[in-house]
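The values are calculated or read from the model by the stated rules, or taken from the named source; none is laboratory data. Keep in mind that what you see is a predicted model, and the values were worked out from it rather than measured. Cβ placement follows ideal geometry from the backbone for every residue including glycine, while neighbour counts extend to all protein chains displayed.
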Amino acid sequence: MAVLCENCAGRLIFNPASQKLECATCGSSFYPEDVEDKYADASSKYYDTRVYTCNHCGAEIITSDTEVSTFCVYCGNPSINFSRISKEYRPDGLIPFQVTKEDAIRYINIRLLKNPIVPKELKSKCVAENLRGIYVPYWIVNAEYTEADFLTGKVKQGKRTETRCYSRAGNVSFKNVPVDGSRILNDDVSCKLEPFYLEDSKTFDEDYLNGFYSNTSDMRYNDLRNSAAHRCHKLFEEDVVKTVEAKDVKIKDYIHWIDIADDPVYMMLPVWFLTFKYNEKPYTILVNGQTGKVVGTMPWEKKRVVAIGVSVFLFVVALFALLWVSMYFEHGAFYFFTIFNAYGFAGLLVGASAAFTAGIVGIRRIWKNLRLTQSEDIFKYVKKRQG
């Protein structure tokens, strides 16, 4: 429950910059391990949290007694009322927040807001006041993993390309694989947040949660086993496709077996969440609270995208026209181009093709990130949290 300053009885909040608990009243600071909560039982398998209910949207907001916010983190309404005390399973450890709220916003601005196609009004939403620090539950597992794959790849045979079939099989001993412990949070999103560096982990202490939210794991053993198998498959896939000397290598089918060794370690890992709505659609940007890695993308203005596309197209057409005209001049202003017009045409065609291909790949990647950013599941994840 609440841990108070020994000098003035003010509430203590964990500061990622100093890695200390700080008192907003008198300015005193303490290391979490030096602060003793007489009401906490470190030997217990459970710890106490407080549950609030939002009168506006009905969300359950579960926080520590030192939570600095007094409004619903889902809808922003200030009318939340205390409803009950809840006991939650105590994790084995956690990685404290190391990226401050201000730094997280700065990383989002650098990574996403400088793009000219992002609407200017979104800058007003990307402020520290709209950011929420959440400890996300993870299971750290060791596993023996075996997989057999059926793959296809494209190989050139003279002037034609043929598709060939391949098979691969192997066994891997995976160590310290992080598996997202929430069924609500999208696994693709949690994977993109990595890496987390476990050497910075601490033995679980409720004091690190002061001023932050967290979410407890809602997974059963079978859920954990399936998620671990999926995670190991992704890691296995990254390496197995490199063993095939072909292009466009894909795994068409596979079978696998996994054995989770020992007892998995239950951890809480730090993530900053920036959740907002734009044109009635939800968006969630995530920032790794240890490394500052940004996951997600911003919505864009279609008019700006079209304007940029048209400008690039006209520029390419103008270059083609200039090179074409230069073919009919042996002297004068265009003489320089006659020397290089053949190479110019070839280079322009290759460059335009490469740019077009890169553009298509980039657009696909952006659309994928946008779908994750607009995920209703992630938006709902912020609706229920603990700290």
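Summary table below
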{"item": "Pick from the range 170-187, criterion exposed (fewer than 13 other Cβ atoms within 10 Å of the Cβ) and over 21 Å from PRO91 (Cβ atoms), ranking: nearest to the chain's Cα centre (by Cα)", "result": "SER173"}
{"item": "Odd one out for GLU144 among (1) exposed (fewer than 15 other Cβ atoms within 10 Å of the Cβ); (2) part of a helix (DSSP H, G or I)", "result": "(2)"}
{"item": "Test: residue in the range 204-219 that is closer than 28 Å to LYS87 by Cβ and among the aliphatic types (A, V, I, L, M)", "result": "yes"}
{"item": "Unique residue being within 17 Å of ALA228 (Cα to Cα), touching an Asp or Glu at 6+ places or on another chain (Cβ under 8 Å) and polar (S, T, N, Q) when the list is ASN171, ASN176", "result": "ASN171"}
{"item": "Listing of strands (runs of 3 or more DSSP E) fully contained in the range 6-120 that carry 2 or more residues being at pLDDT 75 or above and over 22 Å from the mean Cα position of the chain (by Cα)", "result": "12-15, 20-23, 46-54, 80-89"}
{"item": "Single residue of the range 204-224 satisfying the filter (touching a helix residue (DSSP H, G or I) at 6+ places or on another chain (Cβ under 8 Å) and part of a loop (DSSP other than H, G, I, E, B)) that is farthest from ALA24 (Cα to Cα)", "result": "MET219"}
